[in-house]
1. So what J values fall out for segment A:17-32 if you push phi through Karplus, 6.51 cos²θ - 1.76 cosθ + 1.60 with θ = phi - 60°, rounded to Hz, Gly and Pro as x?
2. Antiparallel DSSP bridges in chain B: what percent, to the nearest 5?
3. Between A:SER166 and B:SER264, what is the label-point separation in nm under the 7 Å Cα-to-beta-carbon projection?
4. Just report the Cα centroid separation between segment B:150-215 and segment A:59-101, whole Å.
5. Which of B:SER213, B:THR169, B:ALA239 sits farthest toward the positive end of the charge dipole of chain B, with +1 on the Cβ of Lys and Arg and -1 on the Cβ of Asp and Glu?
6. How much of A:PHE57 can a 1.4 Å solvent probe reach, expressed as accessible area in Å² and rounded to 10?
7. Note down the magnitude of the dipole of segment A:57-286 about its Cα centre, charges +1 on Lys and Arg C-beta and -1 on Asp and Glu C-beta and zero elsewhere, to the nearest 20 debye.
8. With an 8 Å Cα cut-off and a minimum separation of 6 or more residues, compute the relative contact order for chain C in percent.
Amino acid sequence: MRGLFLFSAIFSILALATITIFLFVSGIPFMAKTGFAKFLFGSDWAPVADNPSYGIFPMIVATLYVTALSVIIGVGIGLLTSIALYKFCPKRLISPIRQMINLLAGIPSVIFGLFGMTIIVPFVRDYISPTGVGYGILSASLVLGIMILPTIVSVSLDSLNSVPSSYYEGALALGATKEQATFKVMVPSAKSGILAGVVLAIGRSIGETMAVIMVIGGSPEMPESIFQSVRTLTANIAMGALELQGDALSALIATGVVLFVFTLILNVSFSLLKKDKSEKKEKRGASK
Amino acid sequence: MKKFFALILTFAIITCSLGALTSCGGARFDENKNISVVTREDGSGTKSAFMEIIGLKGKTDVSGVIVASNTASVLVEVKGNPLAIGYDSLGYITNDVKMLKVDGVEATIENIKNGSYKISRPLNIVYQESTITDEVNKAFYSFLQSSDAQAIITDNGYVSTNDTTTSYTVIPGLTGEIDISGSTSLLPLMEKLATRFESIQGGVKITVAGGGSGTGYNNAKNGVSDFGMISEDFNPSKADNCTYYEVAKDGIAVIVNKENTFDSISLEDLKNIYNKDAGDSAIKTWADVSK
Amino acid sequence: MNEFIGNMDIIAKNCNLFYGDFQALKNINIEIPEKQVTAFIGPSGCGKSTFLKIFNRMNDLVEGCRIEGDFRIGGVDIYDKETDVNLLRKNVGMVFQKPNPFPMSIYDNIAFAPRTFGITKKSELDEIVEQSLRRASIWDEVKDRLRKNALGMSGGQQQRLCIARSLAASPKVLLMDEPTSALDPISTGKIEELMEELKKDITIVIVTHNMQQATRIADKTAFFLLGELVEYGNTDDIFTSPRDERTERYITGRFG
């Protein structure tokens, strides 16, 4: 029986190791062959052209743009939502709203993609975009912004709730309004928790594939406007994975390596933030 | 339960209001605006066939192109975007979009068969010779060549290139399974053919899956599937142990939004729309397209 | 807008308070003189803290809490619709049982109230911060680490910081809800000294469990039992010759 437990524990480690090895063993040699700089900073992606070139820089930039904009949208709305749920909405509405937001988290990403493709893209195209193109960074960011809402709301609300209510009372007792007490005392006190939520959201945003493919447009070009068809790293992999072969396939795996490194950095910063938070809590506890 | 209804209601309201907002038009066709060029992803059979036919084989996509990852999303975009141009298998085109004549020739079955319509391509199956020594596979193979199959092909808007009048002879007591995968362009037709075959030969079960022409080659080559579907001329270097059979021909229609005032386009203009390196002859707006 | 000026005595008439169906305070009438220390004593659950919180309307935060009666501070009807509750709380400061400094720097803690009321000039804020910390006799201990996090201080220091934080709002009344119950005797002593000093300008009401503390610092004492105000008078009188038998039993330690 102990063997089984041990095996189960080792299994996930093995899976991680296998994926990592697979990515690096197939990806790194390809990068080396193409030239790391040419691969990472090259601006032409043409895997099936007569003279194939494999530059993913436009997609790295597009990924960063989409992620940043979606996080701005998601954090903006999400933080305000969690604050509303924290002190500013009738008590009996809190639970239904929270449940709805959690339901949002359970919707498969392809549904978000469908929603984006049939509602958001035409809306952006007809009413917002100056170029008449609906696909692109804005649409993708809107879809992703909605997708990361549940993460932001639940993590922010939890960290707000974990701030001692004596801070809130203390601020009110000094004559602060509810808004001042919330924004000047509670939110700053919950800062590290909220930040951890933001990092989680960035992770989700960077890694999301299906919904993004359906609204991003997919042209592997350097983004110059938020209304332009571009391609993210994830979209690049998914669009070609079933069709491409040979070097082009290796190029996708190498794209995967870059994505893997991105998410690794995010995970490490998330753990650091969490560590920071628990240390602060200890400090707070000790002073009582 | 109440919450559930509230949720549904909220969603419905949001969707309806957004839907109403988007469906009431907004943008109109304006030939001075940039063309929204819609294409498919690299590796798509339809794309490689289209690009090859208009003379852009192996070329990079024009800047600003919208890459649709399946045939349905090409239609969705062209249907909704007055400035869009796209292409798709003739068998997929619905009444929601408008087909353009190419060099004055309409994309019809007649014109594809007689070769006057330029943008057409074969829909092939690839297989290892050893595959059709199997009784079940052999039966299906001969069904594809029969007049029964040709009727289905024609009924569904594809072009039959086999003029046989011999119908399929049922083999009593035949049982087994057939696995087919590959090009999504051939997929819908193959599903219809398979369904028909299953109803004729009760004991046979056929699985038809997509994945694209690349998958078709690979699965046939590696023996994963009995037949691979490809929507381009058979390229022996992609599956050296295989041979092919042309199931039908498929025209690739050039499609635009219904509000578009054009009825026809030249192959040359089409090339200049999709060509990244067209230089001075590049076509960016509908006003540049020759009437 | 009602201003809090002039005589800052506190008057409560016919006060009843309910939590849902439960009546926590029963027909309380009291007049608390300005610039003195008044102590509320009584066993746990007698309603003294609840009564205290009426005067800065902290009970507003409690769901299902209903208050009847007439309450005036310096003549202002504090439950009047015209009364700005934030302005009331600025003028009627509160120190809580557990020190609750905000998790920010000592400076920012003190500057919180002035900033809330619109003071942004650094020189002005510096002035208020130093003044407040001096009045709470903690300036010398913290002047070199104003930018350090307030949570790094000892419990006694934290409580005096909280008093300083209240003082920075220049209140006319200071409500103290068992401010020393979580502190050691030395810190308690410091805070009691502080109150002697503060009552020169400020009306102080303190809830305490500690009867010695009441005798040491309070000019007047009110004894609460089961939501009623049993006896109210000069501290000396209450502790030496209580009129009510229940008061006597409590102060001699026979119940509660």
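The values are calculated or read from the model by the stated rules, or taken from the named source; none is laboratory data. Note that the structure is a prediction, hence the values are computed from the model and not measured. Every residue, glycine as well, gets a Cβ built from its backbone with ideal geometry; the counts of neighbours run over all protein chains shown. Please note that ligands, DNA and RNA were not included when accessible areas were found on the heavy atoms of the full protein model with its side chains. Shrake-Rupley method; radii C 1.70, N 1.55, O 1.52, S 1.80 Å.
1. In residue order, the calculated couplings are 4, 4, 4, 4, 4, 4, 4, 6, 5, 8, x, 4, x, 5, 4, 4 Hz.
2. About 55 percent, rounded to the nearest 5.
3. Simple spin-label model gives 8.7 nm for this pair.
4. First find each Cα centre; the distance between them is then 50 Å.
5. With unit charges placed on the Cβ atoms, the residue in question is B:SER213.
6. Its accessible surface works out to 60 Å², give or take rounding.
7. Taking the Cα centre of segment A:57-286 as origin, the dipole is about 1100 debye.
8. Numbers: 487 pairs, mean separation 71.1, N = 256.
Contact order relative to length: 28 percent.
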